[in-house]
Amino acid sequence: MMEEWARPTGKRTKNPAVVKYLFSAMMQRALLAPMVWILMSLLDGKCFVCAFSMSVDPSHFNGMPNNTGLDVIKIMAKVPCREDMIFKNNTFPKAVSRYVRCYSQAIGWSVLLTLILLGAVARVTKPCFNHAMFLQTRYWSNYLDVEQKLFDETCVLHAREFARTCVVQFFESMQEDAVLRLPLSHAFSSRETPSEEEEEHLHGITKKKQMDHLLHTWYECRPELDVTQMVYKPSMCITWDDLDGHVVQSDV
C-alpha cells in the first residue's frame with residue numbers, strides 16, 4: 001500500500017479508493033491480534049485485579065486484617081499477592097479477587113457481544129450501499145498485489161538468465177588463456193550460448209544501464225490500466241501450393 005501511494009504519478013494515476021481499501025484491510029488485520037489479547041485478558045481478570053483492587057470498598061467483605069498497622073489502601077494493594085503473610089489463612093483476598101474478576105469478565109463479554117453485533121449489522125447493511133464500487137475497489141487492490149508478485153517473479157527470472165549469460169560470456173573469453181575441464185549438468189552443457197527462450201526472457205536487455213533504465217521507467221511511469229482494448233493475436237494460415245507455385249488450398 002505504501003509503495004503504491006509513494007509511487008510518482010505517471011501514465012497510471014493513483015486511485016484513492018484503492019489505497020483507502022488497502023488501508024482499511026491492513027488496519028482490520030492489525031487490530032485483530034490486539035483485540036483478541038484484550039478480550040482474553042478481560043475474561044481472565046488477573047490484570048483487572050492488579051489494577052483496581054485498591055478501588056474496592058472493603059466494607060462489603062468480611063475478614064479484612066486490621067492488626068497489621070497498615071492503612072486500608074496498602075492492604076487492598078496487597079490483595080493480588082495472596083502469599084503475603086497478612087492474608088495467611090484468610091479468605092478476604094480471594095473474595096475481593098473474585099468480585100473484581102466478575103466485573104472484568106462482564107466487560108469482556110460485553111465487548112465481545114458488541115463486536116459480534118457490529119459485525120452482524122455491517123454484514124446485513126452491506127448490500128444497501130454501493131456494492132459495485134466495493135467490488136471494483138477489491139478487484140483493483142487484488143490486481144496490485146498480483147502485479148507486484150508477477151513483477152518480482154519476472155525480475156528473478158530475468159536476473160537468473162542475465163547472470164547466466166554473463167557467466168557464460170566470461171568463461172568463453174577465458175578459453176584462450178586456460179582450459180578448465182569440469183563436470184557439468186546435461187542442461188548446462190547442451191546450452192553454451194543463450195537460446196531463443198533465454199533471449200525471449202531477456203527481451204534484448206543485456207546491459208546494466210538498460211536494466212536500470214527499465215526499472216526506473218517502471219517505477220516512474222507504469223503503463224496505463226486499460227482493459228477495453230482487445231489484444232491482437234495473429235492467426236496461423238496454412239496454404240498448399242502446387243508445383244507451379246499456385247495456391248491450391250488455404251486453411252486459416
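Filter segment 65-93 down to the residues that are surrounded by 14 or more Cβ atoms within 10 Å (Cβ to Cβ), closer than 22 Å to PHE48 by Cα and at pLDDT below 75 and list them by number. Hits for segment 65-93 are ASP84, ILE86, PHE87, ASN90.
A count restricted to segment 23-61 and to residues that are within 13 Å of ARG98 (Cα to Cα) and of a type in the set (D, E, K, R) stands at 2.
Hey, any hits in segment 40-60 for a residue that's out of contact with any Asp or Glu (no Cβ under 7 Å at 6 or more places or on another chain), within 20 Å of TYR139 (Cα to Cα), in a loop (DSSP other than H, G, I, E, B) and not hydroxyl-bearing (Ser, Thr, Tyr)? No, every residue in segment 40-60 fails to be out of contact with any Asp or Glu (no Cβ under 7 Å at 6 or more places or on another chain), within 20 Å of TYR139 (Cα to Cα), in a loop (DSSP other than H, G, I, E, B) and not hydroxyl-bearing (Ser, Thr, Tyr). Determine whether LYS11 is surrounded by fewer than 15 Cβ atoms within 10 Å (Cβ to Cβ), part of a loop (DSSP other than H, G, I, E, B) and not β-branched (Val, Ile, Thr). Judged against the criteria, LYS11 is a match.
Quick check on this structure: which one of ARG29, ARG7 is in contact (Cβ under 8 Å) with a residue 60 or more places away in the chain, among the charged types (D, E, K, R) and at negative phi?
Going through ARG29, ARG7 in turn, the sole match is ARG7.
Scanning segment 114-156 for residues that are under 24 Å from TYR219 (Cβ atoms) and not small (Gly, Ala, Ser) yields a total of 18.
Within the group VAL156, VAL96, which residue is of a type in the set (A, V, I, L, M, F, W, C) and at pLDDT 85 or above?
After applying the criteria, what remains is VAL156.
Checked against (1) among the aliphatic types (A, V, I, L, M); (2) in a helix (DSSP H, G or I); (3) modelled with pLDDT under 90, ILE116 passes all but condition (3). Checked against (1) touching a helix residue (DSSP H, G or I) at 6+ places or on another chain (Cβ under 9 Å); (2) loosely packed, with under 12 Cβ neighbours inside 10 Å, VAL121 passes all but condition (1). When LEU115 is tested against the conditions (1) free of Cβ contacts under 8 Å to residues at least 60 places away in the same chain; (2) closer than 30 Å to ARG138 by Cβ; (3) surrounded by 11 or more Cβ atoms within 10 Å (Cβ to Cβ), the lone failure is (1).
The values are calculated or read from the model by the stated rules, or taken from the named source; none is laboratory data. Keep in mind the model is a prediction, meaning the values are calculated, not measured. Here Cβ is always computed from backbone atoms with ideal geometry, including for glycine, and neighbour counts include all displayed protein chains.
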